[in-house]
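Step one of this worksheet: look at the structure below.
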Amino acid sequence: MSFNFLTSGLPLQDLVFGASIYFPPLFKAVIVGFFTWLILHHLLRDWMYSGEIWHPTLMDLSLFSLSVSAALVILVVW
């Protein structure tokens, strides 16, 4: 049984191969992490910009990086 990787007429294989090229896991993690960050940023905005604990921009950046890292872990585990 031979398998020709360039066989045309198999749209599902083209879709799977194309999705792995155009949507790598890191890009998916950034998208999922961005939406997670949007929710967390909205919930913690008043506390972050009050200036009690840290500089707001650094806190926002660290929250974004934690969101992307958590999204990558979730995508790899599932």
In whole Hz, with x marking every Gly and Pro, tabulate ³J(HN,Hα) for region 69-74 from phi via Karplus 6.51 cos²θ - 1.76 cosθ + 1.60, θ = phi - 60°. 5, 5, 5, 5, 4, 5
Per residue and in cubic angstrom, what volume does the convex hull of the Cα atoms of region 20-77 have? 69 Å³
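Can you give the FRET efficiency for residue 61 and residue 26, using 1/(1 + (r/R0)^6), R0 = 30 Å, r = Cβ-Cβ distance, to the nearest 0.05? Present the calculation step by step, with values, prior to reporting the outcome.
Working: r = 18 Å, r/R0 = 0.59.
FRET efficiency, residue 61 to residue 26: 0.95.
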Computed ³J(HN,Hα) along region 61-66: with the Karplus parameters 6.51/-1.76/1.60, θ = phi - 60°, integer Hz and x for glycine or proline, the list is 5, 5, 5, 5, 5, 5
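All of the numbers you see were taken from the coordinates with simple rules; none came from a lab. Quantities reported herein were computed from a predicted structural model and do not represent experimental measurements. When we count neighbours, we look across all protein chains shown, and the Cβ atoms used for this are built from the backbone with ideal geometry, even at glycine.
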